[in-house]
Amino acid sequence: MQHNSAWTALLAHERTSWALAQVAGRLGWDQETLMPRGAAAQRAEELAAMESVLHARRTDPRLGEWLEAAEAPDPTGAAILRHARRSYERNTRVPADLAAEIARVTSMAQGIWAEARAQDDVAHFLPTLARVIALRREEAAALAQGGDLYDALLSDYEPGTSGDEIAAMFARMRLRLVALRERLLGATRQPAPLTGRFDPEGQMRLSRTLAEVFGYDFGHGRLDLAVHPFSSGSGADVRITTRVNPADPFNCFYSTVHEVGHACYELGIDPAYHYTPLAEGVSMGVHESQSRIYENQLGRSRAFTGWLHGRMEAEFGPLGLDPEGFYGAVNRVQPGFIRTEADEVHYNLHIMMRFDLERALIAGDLQAADLESAWNARFQHDFGVAVDRPSHGLLQDVHWSIGLFGYFPTYSLGNVYAGCLMKALRADLPDIDLALAEGRPTVATAWLHDKVQRHGGLYEPRETIARACGFAPTEEPLLDYLEAKFAGIYDL
């Protein structure tokens, strides 16, 4: 086969596979938002069927021939070939029936997890969780080919890193995070919380405004409610979700801003890459760098919370806090059960706990039947609080129910990358706080679009961040930022 014809055939095949994957993703979005509850079993079959079609396409022997014969015409083409080869090698190691069974079981498991969470009934979920773990371990064994099982799963979300590297980074981070936490919790000045009840419809109105001021394009997306907020889609259709709690509007607002970060990454990728392997975020760590910098370094900054304070008072009436007190309320540090509601100091400690637990599950050192007791003991040790009910503990996250083992550490990697990006952003845009104070974070998000988002999968994850920042990523900028920010809030 000629090089040019192999390249053309490969691109055509990838184009259709990418489009079908978007259809499968839309089925998943619908399952989490609008699908009638009685459709769960049918949806599981639909998703399994889609996975079977996609797996057949991703393991088509012709792909191997095209990859062998194709020559990339330019560096972009070389990146497409790199992704396509990695995907082909991965998918040909996983039997088709296993791929379909994982899709079927994880689709059903999501609904069972949601029921168990609503009822605080771990026993209702454990048999399904054990089945999901067994399937993912089987998949990991096929992928690892004698190597580390957890690393094989981690590579799906963060190519180029390992569990040992993550563990070493977490060990370094833990020392400074725990020391900072102890100083903050022992500080004389403790910010007052925001109290009151906040109309859910008003929360959704302001969430939509927040999405728009951060640059989300409602012409290519929508905002809906879900139990666990998420972003879904790539290309020209990228949707976000949030949730409302009448007593805690920050949960709604910052979940929205977080998901806008994910969505803007996908929407911001160079349209020339659409329908190719470059048309999605390069890794979950880089993806989280976008959502976390939108949410935290920008959205929880003193400058931007001053603007948000005014918008909230316009929507809900007097808040009982001045802008400085409001800034403190947004950034209060306190141990809490829920990862997605955790302050910036505690958040990574939540991730470190989940990383250790899931690594033990995949290694076979911890069984599903013992997971709740292991979770509760570790939480008591790390946070000094006893878990009061399963929905505040093991059942709070959707990730394990849908088989996302290896995903959790990318949240902290995203925080680390976000710390590096913010250091570089402030160096390039020294007056950024003036724009944030005026409710114009798009000055910052335009920088992120240029430096990170438009490139999609063109570069490897760490190279993407290093090119954007001008230095290799490290945890130091994040920890420096946290220590400086919270010392100011707590008068340390």
GluC sites (Glu not before Pro) lying in DSSP loop within the range 25-133, provided at most 13 other Cβ fall within 10 Å: Glu71
Extension gain (nm, one decimal) between Leu492 and Ala39, 0.36 nm per residue minus Cα-Cα: 157.6 nm
Rounded tilt (10° steps) of 75-93 against the dominant C-alpha axis of the chain: 80 degrees
Protection-proxy order for peptides 393-399, 365-371, each taking the mean of Cβ atoms within 10 Å per residue, highest first: 393-399, 365-371
Over the chain, relative contact order from alpha-carbon pairs under 8 Å, at least 6 apart, %: 20 percent
Folded to 0 to 90 degrees: helix 442-451 orientation relative to the chain principal axis, Cα: 30 degrees
Cα-based shape type of the range 110-152, given that a ≥ b ≥ c are square roots of the gyration tensor eigenvalues and the cut on a/c is 1.5: prolate
Of every Cα-Cα pair in the chain, the percent that sits beyond 38 Å: 23 percent
Residue-averaged 222 nm ellipticity for the chain, from DSSP H runs of 4+ at -39500 (n - 2.57), nearest 500: -21000 deg cm²/dmol
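Accessible area of the chain with a 1.4 Å probe: how many percent of it is carbon plus sulfur? Mind showing how you got there, number by number?
Numbers: 10120 of 19430 Å².
Of the solvent-accessible surface of the chain, carbon and sulfur hold 52 percent.
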Coil-residue GluC sites (Glu not before Pro) of the range 351-449, DSSP, other Cβ within 10 Å capped at 14: Glu438
Estimated vicinal HN-Hα couplings, Hz - the range 36-45 in sequence order (Karplus 6.51, -1.76, 1.60; Gly, Pro = x): x, 4, x, 8, 4, 5, 5, 4, 4, 5
When the convex hull of its Cα atoms is projected in every direction, mean area for the range 388-440 (nm²): 6.3 nm²
Overall Cα dimensions of the range 187-232, principal axis frame, Å, largest first: 47, 22, 21
In nm, spacing of pseudo-spin labels at Asp120 and Leu429 (7 Å Cα→C-beta vector): 4.4 nm
Computed Rg/Rh of the range 274-322, alpha carbon atoms with Kirkwood Rh: 1.26
Where labels lie 7 Å past Cα in the beta-carbon direction, separation of Arg93 and Ala466 in nm: 2.4 nm
Distant alpha-carbon pairs in the range 1-155 (separation over 23 angstrom), percent: 49 percent
Rounded tilt (10° steps) of 249-268 against the dominant C-alpha axis of the chain: 40 degrees
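The values are calculated or read from the model by the stated rules, or taken from the named source; none is laboratory data. These numbers come from a predicted model, not from an experiment. Positions of Cβ are generated from backbone atoms using ideal geometry, with glycine treated the same way; all protein chains shown enter the neighbour counts. Just so you know, the surface numbers come from the protein's heavy atoms only, side chains and all, with ligands and any DNA or RNA stripped out. Shrake-Rupley method; radii C 1.70, N 1.55, O 1.52, S 1.80 Å.
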